[in-house]
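Only one structure is covered here, and it is reproduced in the block below.
The values are calculated or read from the model by the stated rules, or taken from the named source; none is laboratory data. The shown structure was predicted, so the numbers you read here are calculated from the model rather than taken from an experiment. For neighbour counting, all protein chains shown are included, and Cβ atoms are generated from backbone atoms with ideal geometry for every residue, glycine included. Accessible surface is based on the protein model in full, side chains and every heavy atom, while ligands, DNA and RNA are left aside. Shrake-Rupley method; radii C 1.70, N 1.55, O 1.52, S 1.80 Å.
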Amino acid sequence: MSWGGQRVRVFDLPPLQIGDMVELEYRIDPTRADVFGQYFGLRHAFGPSFPDPLAPVHRAELVVIAPADLPLHSVEHNDSSVEKSVETRGELVAHRWIARDIPRPSQQSAMPDASEFVPLVDVSTFESWQAFASWWWNFIEKE
């Protein structure tokens with residue numbers, strides 16, 4: 001489903017009670033090559049979006065599976081307690097980040113967006129913004 005140019009996932013859940021837990025698992029696979037070649041980039045926040053973006057989180061996990069010959073670089077933000085591990089299985093490498101026991105922050109007026117305080121990780125095939133800028137310049141230079 002698309003909403004305002006963004007992809008939105010909609011889940012129809014029964015009424016939830018205090019103490020109920022919801023486990024959500026999904027997978028995203030590239031379906032075709034594009035102009036960016038083997039580029040991969042992702043910013044993942046270890047917190048819920050809906051229905052309550054401030055809800056506490058018991059455990060959140062991100063797994064990125066990539067070919068062994070595709071180097072991935074990552075930077076964790078806002079929480080050094082995110083566990084990171086890498087496991088190689090044949091031609092594939094599984095990069096895994098796990099955040100645990102993220103408390104509900106106290107709600108304040110004019111509080112910043114959750115991306116300013118929830119644990120998040122940036123994953124990319126580019127090592128830095130300078131590496132991306134160099135690639136981009138080489139890509140558009142002839143234009």
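Put the Cα centre of the range 89-143 next to the Cα centre of the range 43-74 and the gap is 9 Å.
One quarter of the surface of the convex hull around the alpha-carbon atoms of the chain equals 12.2 nm², the direction-averaged projected area.
Using a probe of 1.4 Å on the protein chains alone, the accessible area found for residue 26 is around 120 Å². Solvent-accessible surface of the chain, taken per residue with a 1.4 Å probe and all protein chains present: 82 Å². The solvent-accessible area of residue 75, taken with every protein chain present and a 1.4 Å probe, is close to 80 Å².
Helix content alone sets the calculated 222 nm mean residue ellipticity of the chain: runs of n ≥ 4 DSSP H residues at -39500 (n - 2.57) each, divided across all residues, give -2500 deg cm²/dmol. Using a 1.4 angstrom probe on heavy atoms only, work out the carbon and sulfur share of the accessible area of the chain in %. After summing per-atom areas, the C and S share lands at 53 percent. Taking the Cα centre of the range 16-84 as reference, the dipole from Cβ charges on Lys and Arg (+1) and Asp and Glu (-1) amounts to some 180 debye. Volume per residue for the range 95-143 equals 109 cubic angstrom (convex hull of Cα atoms).
For the peptides 61-74, 97-110, the ranking by packing is 61-74, 97-110, with the highest mean count of neighbouring Cβ atoms within 10 Å listed first. Does anyone have the angle between helix 129-140 and the longest principal axis of the chain? Alpha-carbon axes, 0 to 90°, nearest 10? Relative to the chain, helix 129-140 is tipped by roughly 50 degrees. The stretch between residue 98 and residue 11 holds 29.0 nm of extra length on full extension. This uses 0.36 nm per residue minus the Cα-Cα distance. The dipole here belongs to the chain: it is taken about the Cα centre, uses +1 on the Cβ of Lys and Arg and -1 on the Cβ of Asp and Glu, and is about 120 debye. Suppose R0 equals 25 Å; then what is the FRET efficiency for residue 108 and residue 77 from their Cβ-Cβ distance, rounded to the nearest 0.05? Efficiency at R0 = 25 Å is approximately 0.80. Between residue 39 and residue 132, the contour length at 0.36 nm per residue exceeds the Cα-Cα span by 32.5 nm. When the range 77-143 is described by a simple charge dipole with +1 on each Lys and Arg Cβ and -1 on each Asp and Glu Cβ, the residue from 129, 77, 105 located farthest towards its positive end is 105.
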